[in-house]
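Notes to accompany the following structure.
The values are calculated or read from the model by the stated rules, or taken from the named source; none is laboratory data. Keep in mind that this is a model prediction, so the values were computed, not measured. Side chains included, ligands, DNA and RNA excluded: accessible areas come from the protein's heavy atoms. Shrake-Rupley method; radii C 1.70, N 1.55, O 1.52, S 1.80 Å.
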Amino acid sequence: MRTKNQELLERIQEYIEECCDKHGYGPTVRDIADELGISPTNTHRYIQTLVLEGRISRGRNGYESNALAMTDRAMRSVAIVGAVPCGPLTECEECIEGYIRLPESMIGQGKFYLLKASGNSMVDAGIDDGDLVLIRQQQTAEVGDIVVALVENENTLKRLEFNERRQRYYLHPENETLKDIYVDELSVQGVAVKVLKDLI
């Protein structure tokens, strides 16, 4: 009987580790019970044994391998907030489309969100249509920063520049076919710090 129990413990641990490797999060008690064809009560009993033995950990949504649990402590959930135009100024409606977990060591300190780039005005800065741009939420920026700028209730992603002769700030598209945008007033909503993209 003990041998069978040990075999089942191994199967449960292996399934949890497989789920963590494949999905980035662990299964629930119900998931494990359904997968292995045992009752949720027995599943929970075996899981508690694995936790007590230090072989798995309790995660946010289920049970996790220890490797994932250790990694997870240094992760942060970052919201994907709608899309920001990289072209002519267009209205941008804030809408959380989902979340991505990113390493804290990658993003640093502060409050962040992700915006999906739309258009081609920032291609020379390496930001293509569909890329996710990591934005640090702040209301100030330095000349040369790529910013999310609010102009007349519309958001756009451009590089902030300053014209010494005119003594005016302007928004510079990183695309040689497009013209600089001079505005009377603009409000900085955040500064771009990283770009996440698919490589085809």
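Amide H of residue 78: which non-local residues (sequence gap of 5 or more, or other chain) have their own amide H closer than 5 Å, using H built in the peptide plane?
Close amide H contacts, sequence-distant or interchain: 100, 101, 102.
For the stretch 89-196, state the semi-axes of the equivalent ellipsoid (square roots of 5 times the eigenvalues of the alpha-carbon gyration tensor), sorted largest first and rounded to whole angstrom.
Value: 23, 15, 14 Å, ordered largest first.
Accessible area per residue for the stretch 97-179 in Å², computed with a 1.4 Å probe and the full protein assembly in place, what is it?
57
Within the set 22/111; 116/158; 158/179, which residue pairs have Cα atoms separated by over 19 Å?
22/111, as the Cα separations exceed 19 Å there.
Could you calculate the contour length gain from residue 9 to residue 35, that is, 0.36 nm times the residue separation minus the distance between their Cα atoms, to one decimal place in nm? Let's see the in-between values first.
Details: separation 26, 0.36 × 26 = 9.36 nm, distance 1.36 nm.
Difference between extended and current length: 8.0 nm.
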